[in-house]
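In what follows, a structure is listed as structure tokens, so that the remarks can point back to it.
The values are calculated or read from the model by the stated rules, or taken from the named source; none is laboratory data. Everything numeric here is computed off the predicted structure, so don't read it as measured data. Note: ideal-geometry Cβ built from the backbone for every residue, glycine included; neighbour counts use all protein chains shown.
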Amino acid sequence: MSSPPTSGGANKTQEEVLPPTLGSNSHPPNLFDGTTRLYISYICPYAQRVWVARNYKGLQDQIELVAIDLQDKPAWFLEKVFPAGKVPVLEHNGKVIGESLDLLRYLDANFEGPKLLPDDPAKQAFADELIHDSDSVIVALFKAGRAEGDTISDLVGPALDKIEESLGRFSDGPFLLGQSMSAVDIMYAPFVERFKDFFAAVKHYDMTEERPKLKAWIEELNKIDAYAATWGDRRVQLAAMMKKFGLEIPVA
């Protein structure tokens, strides 16, 4: 079993002790015993979205984390929890819910804590637009990740410029919807940060150059422990990205 990443971040209160990753030889928890469980992978950006939301809403004592090894999945996870074998998955009130966007909405509707989306109609409309566009931004990042030579800027530049422009829509704060981190930031950030580190290390490309709002956004996100504590060792995340793109993983 692999070890969980260490938590980090600014303005920490109490560091959560993260569970070990469960593989094919692991025993299952007491499934469907009334405990609410969030099944994640420590290196999956989709799972990170819901993990951040769980932390941000202060649900650490209500939602137990279960880390799954996606390369060595337990049979019990496939047979009894989620046959599709993907994360994130939430076990709650005898039900199993998947898909990160659906889970962000589910947490907001069914649990207490800070709301992930604002009540302001203008911000609601812009949130819908940004959520709708998020897949196209992620596709652009992956295309740029596979690109060779100088085409990376052409491939990813328009998507990053769109984020930069979006960060200037509301002047009441540094986040995509202004003053507070929201579900929209949570949708984008796990992918933007992974590719920022990957492009810097492998492509020698700085995503934040001449994008001051993007740079400030990343800095502000990492001041929020609910977000920063989900990253662990950045070297582990970078190694996972390199493996995804079939690149040699550097020896530490």
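Here are the numbers for the structure shown:
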read-out	value
Residues located in region 103-130, provided they are farther than 20 Å from VAL89 by Cα and not in a loop (DSSP other than H, G, I, E, B)	PRO121, ALA122, LYS123, GLN124, ALA125, PHE126, ALA127, ASP128, GLU129, LEU130
Flag for ASP161 being over 20 Å from ASN55 (Cα atoms), within 15 Å of the chain's Cα centre (by Cα), free of Cβ contacts under 8 Å to residues at least 60 places away in the same chain and surrounded by fewer than 20 Cβ atoms within 10 Å (Cβ to Cβ)	no
Candidate set: region 38-92, residues that are hydrophobic (A, V, I, L, M, F, W, C) and part of a loop (DSSP other than H, G, I, E, B); chosen: the one nearest to GLY113 (Cα to Cα)	LEU59
Test: residue in region 14-27 that is part of a strand (DSSP E or B) and either touching a Gly at 6+ places or on another chain (Cβ under 9 Å) or of a type in the set (D, E, K, R) (or both)	no
Filter result (assigned to a loop (DSSP other than H, G, I, E, B) and closer than 16 Å to ALA228 by Cα) within region 160-201	SER180, MET181, SER182
Any chance ILE218 is within 16 Å of the chain's Cα centre (by Cα) and surrounded by fewer than 21 Cβ atoms within 10 Å (Cβ to Cβ)	yes
The one condition in (1) at negative phi; (2) over 16 Å from the mean Cα position of the chain (by Cα) that ILE186 fails to fulfil	(2)
Subset of region 94-107 that is touching a residue at least 40 places away in the same chain (Cβ under 8 Å) and under 16 Å from ARG37 (Cα atoms) - its residue that is nearest to the chain's Cα centre (by Cα)	SER100
The listed residue being over 29 Å from GLY113 (Cβ atoms), of a type in the set (Gly, Ala, Ser), surrounded by fewer than 18 Cβ atoms within 10 Å (Cβ to Cβ) and at pLDDT below 95, out of SER153, SER136, SER171	SER153
Of all residues making up region 57-114, the number that are over 17 Å from ALA183 (Cβ atoms), of a type in the set (S, T, N, Q) and buried (at least 16 other Cβ atoms within 10 Å of the Cβ)	0
Residue within region 233-241 that is without any contact (Cβ under 8 Å) to a residue 24 or more places away in the chain and either surrounded by fewer than 20 Cβ atoms within 10 Å (Cβ to Cβ) or outside the structural domain of ASN55 (by TED's automatic domain parsing) (or both) present	yes
Helices (runs of 4 or more DSSP H) enclosed by region 202-252 - at least 3 residues per element that are hydroxyl-bearing (Ser, Thr, Tyr)	none
